[in-house]
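Below you'll find the structure, written out as structure tokens, and then a few comments.
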Amino acid sequence: MSPERMIFGDRASLVREFAERLLTDGVRRGLIGPREGDRLWERHIYNSAVLHELLPREATVVDVGSGAGLPGIPLAIARPDLAVTLLEPMARRVAWLEELTDDLELSVTVVRGRAEDKAVRTRLHDQDFVVARAVSSLERLAEWCLPLLRPGGWLLAQKGASAVEELERDRAAIVRRGGDSAEVRDCGADVLETPANVVVVRRSASTSRSVGSGKRARGGRTRRPDNRRSRKER
């Protein structure tokens, strides 16, 4: 079975339409580079969607710095049970995300703003998960994103081959910002030639349950947060 069918199942037509829009409107509007076509699926779409392995059913998820909708849109297509919010500060990207999600009839929320903005923190507080892909350093992500999470919620930061080194460099800063556990996990080993590296950081809490079913790449305990019902806000 192809990765497309394995990940997206009977919603594969939606992700194909998303890919086509990225290669046409996305390139024209400067959301992805014109040379990304050959690696669009493996590097961007599949790499984003495999984060679903770490997400329990009906979790609330904020995609910080969503840009072209990565990883939030592939996640919303693969897992319609999730309540996904796409957070993006740039007006032209917000316009793209609103148009695209309307056209694809995806039940997601698009919000313009930055994770560190007071208004955003007021509106989007108490999330189960925050996801970020190619946004900033782990130290900055912890500063910006941990306040959006409920106690015991999780930050999932997609990183490259240097994920382990970056985590060790920024571990003390993550703790100072309120993270009480952090490790690197591999996602997508069954569908990707190179699995996605995800730094998993838990916001401090006295109790919670272990996170997802992704393969653990480094030692330490992880816990899964309580499931939440999906929320739609348009």
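The values are calculated or read from the model by the stated rules, or taken from the named source; none is laboratory data. Since the structure is predicted, the reported quantities are computational estimates derived from the model, not experimental observations. Positions of Cβ are generated from backbone atoms using ideal geometry, with glycine treated the same way; all protein chains shown enter the neighbour counts. Ligands, DNA and RNA are excluded from the accessible area calculation, which covers all protein heavy atoms including side chains. Shrake-Rupley method; radii C 1.70, N 1.55, O 1.52, S 1.80 Å.
Can you compute the helix-only [θ] at 222 nm over the chain? Use -39500 (n - 2.57) per DSSP H run of at least 4 residues, normalise by all residues, nearest 500 deg cm²/dmol.
Details: 7 runs with 65 residues, N = 234.
Helix-only estimate at 222 nm: -8000 deg cm²/dmol.
For region 45-135, calculate the relative contact order in percent as a whole number, restricting contacts to Cα pairs under 8 Å that are 6 or more residues apart.
With pairs under 8 Å counted, the relative contact order is 35 percent.
At 0.36 nm per residue, minus the direct Cα-Cα distance, what do SER204 and ARG169 gain on full extension? Give it in nm, one decimal, please. Present the calculation step by step, with values, prior to reporting the outcome.
On the way: separation 35, 0.36 × 35 = 12.60 nm, distance 1.96 nm.
Extra length from SER204 to ARG169 when fully extended: 10.6 nm.
Mind grabbing the accessible area of MET6 for me, 1.4 Å probe, Å², rounded to tens?
90
Estimate the FRET efficiency between ALA95 and MET6 by the formula 1/(1 + (r/R0)^6), using the beta-carbon distance for r and 30 Å for R0, to the nearest 0.05.
Efficiency for this residue pair is about 0.40.
Counting alpha carbon pairs within less than 8 Å and at least 6 residues apart, what relative contact order, in whole percent, applies to the chain?
It rounds to 20 percent for the chain.
Please work out how much accessible surface ASP190 shows to a 1.4 Å probe, ignoring ligands, DNA and RNA, in Å² rounded to 10.
Surface accessible to solvent at ASP190 totals approximately 140 Å².
What is the distance, in nm, between label points placed 7 Å from the Cα along the Cα-to-Cβ direction at ASP38 and at ASP180?
Each label point is offset 7 Å from its Cα along the Cβ direction, giving 4.9 nm.
For region 1-16 and region 93-140, what is the centre-to-centre distance using only Cα atoms, to the nearest Å?
24
Over region 116-211, what is the mean sequence separation of C-alpha contacts under 8 Å (at least six apart), divided by residue count, expressed as relative contact order in percent?
RCO, region 116-211: 29 percent.
Counting only protein heavy atoms and a 1.4 Å probe, tell me what percentage of the chain's accessible area is made up of carbon and sulfur.
Ligands and nucleic acids excluded, carbon and sulfur reach 44 percent.
What is the extension gain from ALA161 to THR122, computed as 0.36 nm multiplied by their sequence separation minus the C-alpha to C-alpha distance, in nm to one decimal?
Result: 10.6 nm gained on full extension.
Can you give the extra length, in nm with one decimal, that the chain gains between ALA189 and ARG28 once fully stretched, where that is 0.36 nm per residue apart less the Cα-Cα distance?
Gain in length upon complete extension: 54.7 nm.
Mind checking the per residue accessible area of the chain for me, 1.4 Å probe, whole number of Å²?
Ligands and nucleic acids excluded, the result is 46 Å² per residue.
Only Lys, Arg, Asp and Glu count, each charged at its Cβ (+1, +1, -1, -1), so figure out the dipole size of the chain about its Cα centre, rounded to 20 debye. Show your work: numbers first, answer last.
On the way: 41 positive and 35 negative charges, 159 e Å.
Roughly 760 debye, rounded to the nearest 20.
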